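Written below as structure tokens is the structure these notes are about.
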Amino acid sequence: MPDQEKRSIDEIMEDLQRINQEFRERVRDGFKNPDDFIKLSEIEKMGRELSLNTQKLYLEETTSLLNDIDESLLIRKKTEYKEKGINLTPSQLEARNITTINGVVSIFRRRLRPVNKESKALLLKTEGVKSIAPLDCFLGIDKLPFKMTAAAMLECAYWAQDQVSFQRAEEKIKRTLHISIDDDTIRKAAGYIGKAVFEEDCRKADEAWTEFCKRPLVSEPKRKKGVLYIETDGSSVNTRIQDENGSTWRENKLAIFFSTDHVYKWKNKKGEICRKIEKKEYVSYLGSVSEFKKHVLAGAIRNGYGRYEKVVLLSDGAGWIANMKDELFGEDVLQILDFFHLSENVYSYGKAKFKMNESQYIPWADEKCKKLRDGKWKEVLGELDPEETYKNTVNLYHYINSNKEHIDYPQYSAMGLFIGSGAIESSNKVIVQRRFKQAGMRWGVSTAQYLMTLVSKWESELWESDVVNRTYKILN
């Protein structure tokens, strides 16, 4: 701690009280000499100083309190084990350092260790441990997987998903909490919490799927006005595992759920209606469609499937999405080809067709998109050659033709539906690209999945309910 921050709390409090008194006196005097009045930045500096000293005092007092505990009562715990045939004996005092959100607390306590092989084997079999630390049990730190509290682990998890790298997370924790946790420990702690949250999501998804297999989804007789939207797409992540073709890229499947209950509408200066999605839930799955569909099912139910009068699925037109929709929802869901994706494919095709000549491909693509937006897809098909293809672009004719039942944009607009907000594309940037597609990044599949689950929970505003609560549940 710098020298200017080493003053005692009492000294800083005296300064703050002096400032308070001076302020009141100068107000009464009408600020006759305002130039020598203390600046807000100086008050702020002392407040910061007070905060750092308070943190230091907390650590000192906590350490002193814990090391003053008389362990003789706790060590009597060995009698409980003796009745089970496990004989334990106290060790010498041992130090244990625990990182808290206020810094490192050091405690000295004794462990109860088996006196023979038989007791050791029985303790391992019944308790899953090789020794017992009664004070650790008393303080609720005996089950911690790392040398830090649950709150500190949650800070690691938050910053790991928030920053572009674990190294940056280490820097943020040091700056905001003034504690040092290395990037590898942050990675492990975030992975531990992410794994627990992901496994709970999988359990709920399996539960929803089991119920669905017994009894397909049924809508309520009297459904509320409004629309439930489901958007889904795929985005590749570079992993450390090669597939049968030698590629290390694996597709992450992302779904978004939101309803018109959480869409804010307003008119801009031109009188145009603008809309903003204020709340949505994200679900990410780095794996097969057969498992992802279970998470989509569970997410749809959580977000009101069956309770809204309309349900709309927006997608890029991929076959696997259409098949998933038919299997889960059948005709109960209106599928729309996201106009954002359609336009993107039209422009990509135009760039290839006119060899990146902007003066040609932009007017061409603008015209085709306008016609498609106006429902003139038959006219567009008549202007395209079914056999004309270009490298790294879709066959535009077949793409439009295969999705012709999902591009009646005039009707969708008349119904007041989203036809292509670009929400799924921007979500891929938020959930996947920002954290998982930085230069040179390659991921273990599990590490990526667990961290992506945490990113999704934060962006879905489910951090407290799904991450914090789950973490304390498994660690207490």
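The values are calculated or read from the model by the stated rules, or taken from the named source; none is laboratory data. All of these numbers come straight from a predicted model, not from anything done at the bench. Here Cβ is always computed from backbone atoms with ideal geometry, including for glycine, and neighbour counts include all displayed protein chains. Please note that ligands, DNA and RNA were not included when accessible areas were found on the heavy atoms of the full protein model with its side chains. Shrake-Rupley method; radii C 1.70, N 1.55, O 1.52, S 1.80 Å.
Between Glu387, Glu309, Glu367, Glu344, the distinction of being at pLDDT below 95 and assigned to a helix (DSSP H, G or I) belongs to Glu344 only.
Taking the conditions exactly as written (free of Cβ contacts under 8 Å to residues at least 40 places away in the same chain, acidic (Asp, Glu), open to solvent by 50 Å² or more (accessible area, probe 1.4 Å) and closer than 23 Å to Ser315 by Cβ), does Glu244 satisfy them or not? When the stated conditions are applied, Glu244 does not pass them. Out of curiosity, is Ser106 in contact with a strand residue (DSSP E or B) (Cβ under 7 Å, 6 or more places away or on another chain), surrounded by fewer than 18 Cβ atoms within 10 Å (Cβ to Cβ) and over 26 Å from Ala190 (Cβ atoms)? Considered against the rule, which asks whether it is in contact with a strand residue (DSSP E or B) (Cβ under 7 Å, 6 or more places away or on another chain), surrounded by fewer than 18 Cβ atoms within 10 Å (Cβ to Cβ) and over 26 Å from Ala190 (Cβ atoms), Ser106 comes out as no. The residues in region 119-138 that are in contact (Cβ under 8 Å) with a residue 12 or more places away in the chain, surrounded by fewer than 19 Cβ atoms within 10 Å (Cβ to Cβ) and not in a loop (DSSP other than H, G, I, E, B) can be counted, and the count is 5. Among the conditions (1) out of contact with any strand residue (DSSP E or B) (no Cβ under 7 Å at 6 or more places or on another chain); (2) at pLDDT 75 or above; (3) open to solvent by less than 70 Å² (accessible area, probe 1.4 Å), the only one that Pro90 does not satisfy is (1).
Checking the structure you have, find out if any residue of region 395-411 is modelled with pLDDT under 95, part of a helix (DSSP H, G or I), touching an Asp or Glu at 6+ places or on another chain (Cβ under 8 Å) and not hydroxyl-bearing (Ser, Thr, Tyr). No; the residues of region 395-411 include none that is modelled with pLDDT under 95, part of a helix (DSSP H, G or I), touching an Asp or Glu at 6+ places or on another chain (Cβ under 8 Å) and not hydroxyl-bearing (Ser, Thr, Tyr). Sub-7 Å Cβ pairs linking a first residue in region 173-202 that is in contact (Cβ under 8 Å) with a residue 40 or more places away in the chain and surrounded by fewer than 18 Cβ atoms within 10 Å (Cβ to Cβ) to a second residue that is assigned to a helix (DSSP H, G or I) and among the aromatic types (Phe, Trp, Tyr), at least 6 apart or interchain, are Lys195/Tyr450, ordered by first then second residue. State whether the residues of region 422-435 include one that is modelled with pLDDT of 90 or more, assigned to a helix (DSSP H, G or I), touching a Phe, Trp or Tyr at 6+ places or on another chain (Cβ under 8 Å) and not basic (Lys, Arg). No, that holds for no residue.
Within region 436-454, does at least one residue satisfy the condition of being within 23 Å of Leu313 (Cβ to Cβ), open to solvent by 20 Å² or more (accessible area, probe 1.4 Å) and not aliphatic (A, V, I, L, M)? No, region 436-454 contains no residue that is within 23 Å of Leu313 (Cβ to Cβ), open to solvent by 20 Å² or more (accessible area, probe 1.4 Å) and not aliphatic (A, V, I, L, M).
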